[in-house]
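Undergrad: Sharing a structure with you now.
The values are calculated or read from the model by the stated rules, or taken from the named source; none is laboratory data. Being a predicted model, the structure only gives us computed values, none of them experimental. Glycine also receives a Cβ, built like all others from the backbone with ideal geometry; neighbour counts cover every protein chain displayed. Side chains are part of the model used for accessible areas, which takes the heavy atoms of the whole protein and leaves out ligands, DNA and RNA. Shrake-Rupley method; radii C 1.70, N 1.55, O 1.52, S 1.80 Å.
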Amino acid sequence: MKLSQVAPNAPLRVVRDAQFDDLALLGTGDGRVLVYAGDAHALERLAKTGAAAAVVTTAALADAVPASLGLAVADHPEAAFYDLHRWLHASGEFYWRDFATVIDPSARVHERAYIAPRNVRIGVRVVVEPNATVLERVAIGEDTIIRAGAVLGSEGFEFKGPAMRQGRATRAEWDYGTTNVAVPHAGSVEIGARVEIQANSTVDRSLFRLATRVGDDTKIDNLVHVAHSVRIGSRCLIAAGATLAGSVVVGDEVWIGPHAVISSGVRLGDRSAIVLGSTITKDVAPGERVASDLRVYRLP
């Protein structure tokens, strides 16, 4: 998809055309994506977004965008970006193509489990226990176990409204309207092979094309929340009550202790460990063992 093809459907103007395969937030390292940058601080993060192919920003910031990237300008870049997302979600097959649900004959799905009649793939020897819910746009790999009451593929928590200013001085003048408007979740969930998701845990589907992912051999305890667009590696252990906020990236063989909270967009390196009850707001290096890094301070 080219910027010039979609520009008529959002309040933006193309300065440099470019091809993109998905939309994403700043920090994404996969694919060839369109992002937005609403202020100078966001442009600093753009330099670390290896997958960025094009950016929507303001006319005042346009000269700071590298010439190698596609560029569109808008009075309100975030609003224009999500208007474009809504149009892509509603207008065609950019994000997804529907299919009839496929359940391998060897899978054991309890009669009180709910499986959506379309857009689900359940692999060899999968077990789905009573009252588990598998909604649309979910793929489950071989030998995986979905325990009672778990929910896969639920709509995530993404709304645009006045509270999104979050007390940040940099957002004080941003126009978020007067009410909360839902952002549709156009993506999917991929559960790898030999995963176990225990009772009453939730895995939300992704905002954009790149799926929310749980890697092979990862085990997730009871009452864990995996938000939209989270990417979890292989052989991880995530204990009861943990919360992984949107777009968190977890490496391989990571331990996340009970009731830990991982803030949105944080990256946990391979073999890192998060101590029980921790609140993590910054990236964690590979092999590092950390407790809370949260402090009370004024955010920019």
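Undergrad: If a/c stays under 1.5 just call it rounded; otherwise compare a/b with b/c (prolate if a/b is bigger, oblate if not). Do that for the stretch 89-150, with a ≥ b ≥ c from the square roots of the Cα gyration tensor eigenvalues.
TA: Details: a/c = 2.52, a/b = 1.83, b/c = 1.38.
Since a/c reaches 1.5 and a/b is larger than b/c, the shape of the stretch 89-150 is classed as prolate.
Undergrad: Report the extension gain between L276 and R171 in nm, rounded to one decimal, defined as 0.36 nm multiplied by the number of residues separating them, less their alpha carbon distance.
TA: Extending this stretch completely gives an extra 34.5 nm.
Undergrad: Further question on the same structure: Return the calculated 222 nm mean residue ellipticity for the chain, to the nearest 500 deg cm²/dmol, obtained by summing -39500 (n - 2.57) across DSSP H runs with n ≥ 4 and dividing by the residue count.
TA: Values: 3 runs with 26 residues, N = 300.
Result for the chain, helices only: -2500 deg cm²/dmol.
Undergrad: So which lysines can K48 reach, going by Cα to Cα under 19 Å and dropping same-chain residues fewer than 8 places off?
TA: Cα-Cα hits under 19 Å: K282.
Undergrad: I'd like to check one number: the per residue accessible area of the stretch 1-45, probe 1.4 Å, reported in Å² as a whole number. Show your work: numbers first, answer last.
TA: Values: 2170 Å² over 45 residues.
Ligands and nucleic acids excluded, the figure is 48 Å² per residue.
Undergrad: Just add up the charged neighbours of A139: K/R +1, D/E -1, any other residue whose Cβ is under 9 Å from the Cβ of A139.
TA: +1
Undergrad: Please work out whether the stretch 112-242 counts as rounded, prolate or oblate from its C-alpha gyration tensor, where a ≥ b ≥ c are the square roots of the eigenvalues and a/c under 1.5 means rounded, while otherwise a/b larger than b/c means prolate and anything else oblate?
TA: prolate
Undergrad: Still on this structure, I have one more. Specify the angular offset, from 0 to 90 degrees and rounded to the nearest 10, of the alpha carbon long axis of helix 77-91 from the longest principal axis of the alpha carbons in the chain.
TA: 50 degrees
Undergrad: Using the heavy atoms of the protein chains and a 1.4 angstrom probe, tell me the accessible area per residue for the stretch 52-187 in square angstrom.
TA: 49 Å²
Undergrad: Considering only protein heavy atoms, with the full assembly of protein chains and a 1.4 angstrom probe, order S91, S229 by accessible area, largest first.
TA: Largest to smallest exposure gives the sequence S91, S229.
Undergrad: So how far apart, in nm, are the two label points at K2 and A62 if each is 7 Å from Cα heading toward Cβ?
TA: 1.8 nm
Undergrad: Taking square-rooted eigenvalues a ≥ b ≥ c of the alpha carbon gyration tensor, is the stretch 188-271 rounded, prolate or oblate, where a/c under 1.5 means rounded and, failing that, a/b exceeding b/c means prolate? It would help to have the intermediate numbers written out before the result.
TA: On the way: a/c = 1.19, a/b = 1.15, b/c = 1.03.
In terms of gyration-tensor shape, rounded.
Undergrad: Select from the stretch 168-217 those trypsin sites (Lys or Arg not before Pro) which occupy a DSSP coil region and have at most 15 other Cβ atoms within 10 Å, ordered by residue number.
TA: R168
Undergrad: In straight Cα distance, which aspartates and glutamates are under 13 Å from K160, not counting same-chain residues fewer than 8 positions off?
TA: E78, D83, D175
Undergrad: Now, a different point. With all protein chains present, how much of the accessible area of the stretch 1-146 (probe radius 1.4 Å) comes from carbon and sulfur, to the nearest whole percent?
TA: 50 percent
Undergrad: Now for a separate question. Could you work out the local net charge near V248, counting Lys and Arg as +1, Asp and Glu as -1, over the other residues with Cβ closer than 9 Å to its Cβ?
TA: Overall, the nearby charge balance is +2.
Undergrad: Further, regarding this structure: Under 5 Å between amide H atoms, partner at least 5 residues away or on a different chain: which partners does I232 have, H built in plane at 1.01 Å?
TA: The list, which skips near neighbours in sequence, is R213, V214, G215, V250.
Undergrad: How much accessible area per residue does the stretch 217-300 have, in Å², with a 1.4 Å probe? Write out the running numbers ahead of the final one.
TA: Numbers: 4030 Å² over 84 residues.
On a per-residue basis, the stretch 217-300 sits at 48 Å².
Undergrad: A further question follows. When only DSSP loop residues count, what GluC sites (Glu not before Pro) in the stretch 165-234 have their Cβ near at most 16 other Cβ atoms within 10 Å?
TA: Taking the stretch 165-234 and a limit of 16 other Cβ atoms within 10 Å, the loop GluC sites (Glu not before Pro) found are E173.
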